Amino acid sequence: MKNLLKILATYATLEAAAFLCFYLWRRVPVNELWFPYLLYFFPPLGAMPLILWALRARNRPKVFAVRFSIAMAMFFFLIAIAMYFSGILSAAGAVGISYYVFATIFCLVVAIVQGYRIAYKAANSKPG
């Protein structure tokens, strides 16, 4: 629990710094930045418990890899939802929702495969 709170506090601080830079660059009123800030704070809030759950199985490489890939898929799925509701895609001139759904599914598959590969390699590596 202590690690979870430390990681979330670090993420919240870095996210606040990013939003401060955006505020200084675009001069957007602070009250309009609260909703996007909270949207982008929910992904680690939902995924961090899953990542820490995966780390508990570090001595079992396949279980660790599967759990880590599930956690990364959850994180990127929540980021995709935050991007949709914050309006980043409409501001960037993205095409319809079908393109967005395809891109989200593609990114989730990549996150799952890469998460599995990274976690499996890390669990099999010898410390030291």
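Scanning the range 33-68 for residues that are of a type in the set (A, V, I, L, M), surrounded by fewer than 17 Cβ atoms within 10 Å (Cβ to Cβ) and within 15 Å of residue 118 (Cα to Cα) yields a total of 2. Once the range 19-32 is narrowed to residues that are surrounded by 12 or more Cβ atoms within 10 Å (Cβ to Cβ) and aliphatic (A, V, I, L, M), the residue that is modelled with the lowest pLDDT is 28. Does residue 71 fit the bill of being under 16 Å from the mean Cα position of the chain (by Cα), closer than 22 Å to residue 5 by Cα, of a type in the set (A, V, I, L, M, F, W, C) and exposed (fewer than 15 other Cβ atoms within 10 Å of the Cβ)? It is false that residue 71 is under 16 Å from the mean Cα position of the chain (by Cα), closer than 22 Å to residue 5 by Cα, of a type in the set (A, V, I, L, M, F, W, C) and exposed (fewer than 15 other Cβ atoms within 10 Å of the Cβ).
The values are calculated or read from the model by the stated rules, or taken from the named source; none is laboratory data. Not measured: the values here are computed from a predicted model. Here Cβ is always computed from backbone atoms with ideal geometry, including for glycine, and neighbour counts include all displayed protein chains.
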